[in-house]
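K.L.:
Take a look at this one; I'll ask things after.
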Amino acid sequence: MSFLADYGYIGLFFVVSVVFALTTVLIPQILTALGVIPSKPSPAKSATYECGMDTIGKSWVQFNFRYYFLALLFLVFDIETVFLYPWAVAFNKLGLFGFVEMVIFVGILVVAYLYAWKKKAFEWK
Amino acid sequence: MDWLRWIIFVVIILAFALSFVMAFILLERRIVGKFQLRPGPNRVGPMGMLQPVADAVKILLKEDITPAKGDRWVHRLAPIVAFAPALLVFAVVPFQGKGPGLGFSLDQPAALADLNVGVLYIVAVSSISVIGMIMAGWASNNKYSLLGAMRAIAQMVSYEVPLVLSIVGIVIASGSLSLNSIVEAQSIPFILLQPLGFLIYFLGATAEINRAPFDLLEAESEIVASYHTEYSGMRFAMFFLGEYAYALGVSAIVSVLFLGGYKFPFGLLPQSFIWFLAKIFLVFFLMLWVRSTLPRVRIDQMMAFAWKFLLPLSLVNLLLVAAEGVSTIGFGWAAVGINVILAIAFVVIWANRFYRVKGVTVG
């Protein structure tokens, strides 16, 4: 029971931290409404800042596919670690058998890792 | 009673986080100043101690600008998404353990909630801030911002893997995911038992919170200020504070996982939260030291460092720790000797390999 209660306390703490962040952002808004903070909008001020040049086109464009490789590799290894955590907690009870199992499991991933390396998935071009 | 406890801890955590973040901002500027043979900010108050207060007042009174071409609401929400999870990290950090300590004794560990999956919780929560960065980069409709946000994703995704793998070694040695049990298990601090794991975690965490030498997404000479180029006033301050709150979080986690948290080394003195706070400052000083020593790395070097250097070493570290666990060596002083020697050997050999092979150089 206290196990679930802990999550509840953390959830409430999350609410507190969001409220804290919200108030910090809202204080300047209120001060602007009161006239303490200056608010003199102009087209030049709210233009996109790209070092003085006029912006050409939108920046909401398609992006380099290199990031896709990284995301795939990340998924592979992150799922590996998700499997490793329960194994690590039960490590003392599993003994030698668990160790050998894990070496085989990591070994398979190392093969995939070497393949990715040879295919130059880690090169940044 | 439980509610009273919750309120007390919320107040403690907020006070702790805010005062330490302020102290860190000042310390960083003063200490980096000393490293660079200049005084640093020393005019406001005694020894410049009121500088963060002056900065806070100044930044609060700045005009709040939203770019005309940007996505208004995402632009407004981004700083909150980036900042709020930073505080969540401290919810599971134990400030002092159960039993007698220096001055007073406690009947349960002093943490808001001692989750039995604390380590997983921290890994999960500390990755959320990158969503705020992406929101900021995307909503600004600025090419520099978007480039910075993309770098942030690539960096986060790459360094997450060695970072998480290096903690598995800790979990094996302590047999628990709860941060309090991990501290209790450290009769020998894990930095001695797993020096390789400490190095990997420290470097990975430095990269994850985008501190120098991995502060690529804030490379002023390349992409202005990246994802917060279009921010001003308090919303800029939220990103800034969030960064330091994460630096504080990482310092706290390193102290808990590797330096023995609230315990005095080798139990020479009784446990106390004072040792924990001292260790946080120590780890933060180490970060500043790294920052002022090393120049910023290039982006291809950064990716290569994560995937080709840290990842193999973290797998080696994992196998090493596991092998010691199943063999008769165990996790005693014998393992400390073996691991320190092997850690130096592995780092030197693997670094040399990159130094020699042209085309894939890291250093």
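The values are calculated or read from the model by the stated rules, or taken from the named source; none is laboratory data. Fair warning: this is a prediction, and the values are worked out from it, not measured in the lab. Don't worry about glycine lacking a Cβ; one is built from the backbone with ideal geometry, like all the others, and counts go over all protein chains shown. In case anyone asks, the SASA skips ligands and DNA or RNA and just uses the protein heavy atoms, side chains included. Shrake-Rupley method; radii C 1.70, N 1.55, O 1.52, S 1.80 Å.
K.L.:
I want to confirm something. Restricting to the stretch A:47-66 and keeping residues that are open to solvent by less than 40 Å² (accessible area, probe 1.4 Å) and in contact with a helix residue (DSSP H, G or I) (Cβ under 7 Å, 6 or more places away or on another chain), which single residue is farthest from the other protein chains (Cβ to nearest Cβ)?
P.N.:
The residue in question is A:E50.
K.L.:
Which of the numbered conditions does B:F198 fail, given that it passes all the others? Conditions: (1) away from chain A (no Cβ under 12 Å); (2) under 15 Å from B:G260 (Cβ atoms); (3) crowded, with 24+ Cβ neighbours inside 10 Å.
P.N.:
Every condition holds for B:F198 apart from (3).
K.L.:
Next up: So which pairs qualify, if the first residue must be in the stretch B:69-86 and facing another protein chain (nearest Cβ under 7 Å), the second must be in a helix (DSSP H, G or I) and of a type in the set (V, I, T), the Cβ gap must be under 7 Å, and the two must be at least 6 apart or on different chains?
P.N.:
From residues that are facing another protein chain (nearest Cβ under 7 Å), the pairs are B:P79/A:V25; B:I80/A:V18; B:I80/A:V25; B:A84/A:V18.
K.L.:
Which pairs do you get when a residue that is facing chain B (nearest Cβ under 7 Å), found in the stretch A:19-34, comes within reach of a residue that is polar (S, T, N, Q) and not in a helix (DSSP H, G or I), reach meaning Cβ atoms under 9 angstrom, with the pair 6+ apart or on two chains?
P.N.:
A:T32/A:S39
K.L.:
Might you check whether a residue that is surrounded by 24 or more Cβ atoms within 10 Å (Cβ to Cβ), within 7 Å of chain A (Cβ to nearest Cβ) and in a loop (DSSP other than H, G, I, E, B) occurs anywhere in the stretch B:142-157?
P.N.:
Within the stretch B:142-157, one or more residues are surrounded by 24 or more Cβ atoms within 10 Å (Cβ to Cβ), within 7 Å of chain A (Cβ to nearest Cβ) and in a loop (DSSP other than H, G, I, E, B).
K.L.:
Consider only pairs whose beta carbons are under 9 Å apart and that are at least six residues apart or on different chains; among these, list those whose first residue lies in the stretch B:301-322 and is at negative phi and whose second residue is modelled with pLDDT of 85 or more and not in a helix (DSSP H, G or I).
P.N.:
B:N317/B:Q194; B:L320/B:Q194; B:V321/B:Q194
K.L.:
Just checking, which of B:I122, B:I134, B:I80, B:I59 is more than 23 Å from the chain's Cα centre (by Cα) and either within 18 Å of B:G249 (Cβ to Cβ) or not acidic (D, E) (or both)?
P.N.:
B:I59
K.L.:
Now for a different question. Would you pick out the residues in the stretch A:1-12 that are of a type in the set (F, W, Y) and modelled with pLDDT of 85 or more?
P.N.:
none
K.L.:
Only residues that are crowded, with 17+ Cβ neighbours inside 10 Å, farther than 21 Å from B:W3 by Cβ and touching a strand residue (DSSP E or B) at 6+ places or on another chain (Cβ under 8 Å): list them for the stretch B:97-123, please.
P.N.:
If the condition is that a residue be crowded, with 17+ Cβ neighbours inside 10 Å, farther than 21 Å from B:W3 by Cβ and touching a strand residue (DSSP E or B) at 6+ places or on another chain (Cβ under 8 Å), then B:G97 is the only one that fits.
K.L.:
Let me ask something additional. Mind listing whichever residues of the stretch B:282-334 are within 14 Å of chain A (Cβ to nearest Cβ), open to solvent by 30 Å² or more (accessible area, probe 1.4 Å) and among the charged types (D, E, K, R)?
P.N.:
B:R298, B:D300
K.L.:
Would a scan of the stretch A:8-29 turn up a residue that is of a type in the set (S, T, N, Q), assigned by TED's automatic domain parsing to the domain that holds A:A112 and open to solvent by 60 Å² or more (accessible area, probe 1.4 Å)?
P.N.:
The answer is no, given that none of the residues of the stretch A:8-29 is of a type in the set (S, T, N, Q), assigned by TED's automatic domain parsing to the domain that holds A:A112 and open to solvent by 60 Å² or more (accessible area, probe 1.4 Å).
K.L.:
Kindly check whether there is at least one residue in the stretch A:38-46 that is within 30 Å of B:V117 (Cα to Cα), within 7 Å of another protein chain (Cβ to nearest Cβ) and at pLDDT 75 or above.
P.N.:
Looking for residues that are within 30 Å of B:V117 (Cα to Cα), within 7 Å of another protein chain (Cβ to nearest Cβ) and at pLDDT 75 or above, one finds none in the stretch A:38-46, hence no.
K.L.:
While we're here: Would the stretch A:71-84 turn up any residue that is part of a helix (DSSP H, G or I), of a type in the set (S, T, N, Q) and surrounded by 17 or more Cβ atoms within 10 Å (Cβ to Cβ)?
P.N.:
yes
K.L.:
One residue is enough: does the stretch B:43-53 have a residue meeting the conditions without any contact (Cβ under 8 Å) to a residue 60 or more places away in the chain, farther than 24 Å from B:M234 by Cα and either open to solvent by less than 40 Å² (accessible area, probe 1.4 Å) or within 14 Å of chain A (Cβ to nearest Cβ) (or both)?
P.N.:
Within the stretch B:43-53, not a single residue is without any contact (Cβ under 8 Å) to a residue 60 or more places away in the chain, farther than 24 Å from B:M234 by Cα and either open to solvent by less than 40 Å² (accessible area, probe 1.4 Å) or within 14 Å of chain A (Cβ to nearest Cβ) (or both).
K.L.:
Hey, another quick one. Scanning for something within 27 Å of B:V157 (Cβ to Cβ), open to solvent by less than 50 Å² (accessible area, probe 1.4 Å), touching a helix residue (DSSP H, G or I) at 6+ places or on another chain (Cβ under 7 Å) and within 11 Å of another protein chain (Cβ to nearest Cβ), does the stretch B:352-361 turn up at least one residue?
P.N.:
Yes: the stretch B:352-361 contains one or more residues that are within 27 Å of B:V157 (Cβ to Cβ), open to solvent by less than 50 Å² (accessible area, probe 1.4 Å), touching a helix residue (DSSP H, G or I) at 6+ places or on another chain (Cβ under 7 Å) and within 11 Å of another protein chain (Cβ to nearest Cβ).
K.L.:
Please give the number of the condition B:A136 fails out of (1) over 21 Å from B:Y246 (Cα atoms); (2) aliphatic (A, V, I, L, M); (3) open to solvent by less than 10 Å² (accessible area, probe 1.4 Å); (4) more than 12 Å from chain A (Cβ to nearest Cβ).
P.N.:
The number of the failed condition is (1).
K.L.:
In the stretch A:75-87, how many are closer than 17 Å to B:G175 by Cβ and either in contact with a Pro (Cβ under 8 Å, 6 or more places away or on another chain) or more than 7 Å from every other protein chain (Cβ to nearest Cβ) (or both)?
P.N.:
Selection size over the stretch A:75-87: 2.
K.L.:
Just name the residue that is farthest from B:S178 (Cα to Cα) out of those in the stretch A:88-100 that are open to solvent by 100 Å² or more (accessible area, probe 1.4 Å) and more than 8 Å from every other protein chain (Cβ to nearest Cβ).
P.N.:
A:F97
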